[in-house]
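First comes the structure, then the notes that go with it.
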Amino acid sequence: MFLTKSIIVSLGISTLLLAFSTGCTPKNINIIGKNRVEITKHKGVQEGNFMKIMAELENDDNDETEGFVYQIEWYDKNGFIKDETPWKAITIHKNQKIQVIEMTNIPDIVDYKIIVSVPNK
């Protein structure tokens, strides 16, 4: 019985460690180019049959204003891309945060990816 409890505890700890280690690589974010813009928060919520995402982007550089473009890819339950937003241009001034809100117009989307492209200087 003691052996069974220690195996269960070990499995629980391993699962937690795996969850924390995989959390370090965000699957919903892809930054192309220099990482001068950071996505500090993001989440997707279902509104009826449609998904809405909210993301906070930050320029923590004290010296530069950053211009970049972003796009959202929308995925179905099988992991296939079903739609994407057009590329949208944004400028974030130094030490500024902005919030981006996008909603799909295709029903039954279950996941998303935020793609940010920052030009090289």
Item to check | Enumerated strands (runs of 3 or more DSSP E) restricted to segment 61-121, each holding at least 3 residues that are over 11 Å from Val37 (Cβ atoms) | outcome: 66-75, 81-84, 96-103, 111-118
Next on the checklist: Quick check on segment 70-121: of everything there that is in contact with a strand residue (DSSP E or B) (Cβ under 7 Å, 6 or more places away or on another chain) and small (Gly, Ala, Ser), which residue is nearest to Gly48 (Cα to Cα)?
Outcome noted: Ala89
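Here is a yes/no grid of residues against (1) under 18 Å from the mean Cα position of the chain (by Cα); (2) at pLDDT 95 or above; (3) under 16 Å from Ile29 (Cβ atoms); (4) among the charged types (D, E, K, R):
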residue: Gly48; (1), (2), (3), (4): no, no, no, no
residue: Glu64; (1), (2), (3), (4): no, no, no, yes
residue: Pro86; (1), (2), (3), (4): yes, yes, no, no
residue: Lys94; (1), (2), (3), (4): no, no, no, yes
Item to check | Search result, residues across segment 33-60 that are in contact (Cβ under 8 Å) with a residue 60 or more places away in the chain, in a strand (DSSP E or B) and surrounded by 15 or more Cβ atoms within 10 Å (Cβ to Cβ) | outcome: Ile39, His42, Gly44, Met51, Ile53
Checklist outcome for this item: Residues of segment 67-95 being over 20 Å from His42 (Cβ atoms) and surrounded by 12 or more Cβ atoms within 10 Å (Cβ to Cβ), in sequence order, are Gly67, Lys94
Checklist entry - Mind checking whether some residue in segment 103-111 is surrounded by 11 or more Cβ atoms within 10 Å (Cβ to Cβ), free of Cβ contacts under 8 Å to residues at least 40 places away in the same chain and charged (D, E, K, R)? => result no
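The values are calculated or read from the model by the stated rules, or taken from the named source; none is laboratory data. In this text, all values refer to a predicted model and were calculated from it rather than measured experimentally. For neighbour counting, all protein chains shown are included, and Cβ atoms are generated from backbone atoms with ideal geometry for every residue, glycine included.
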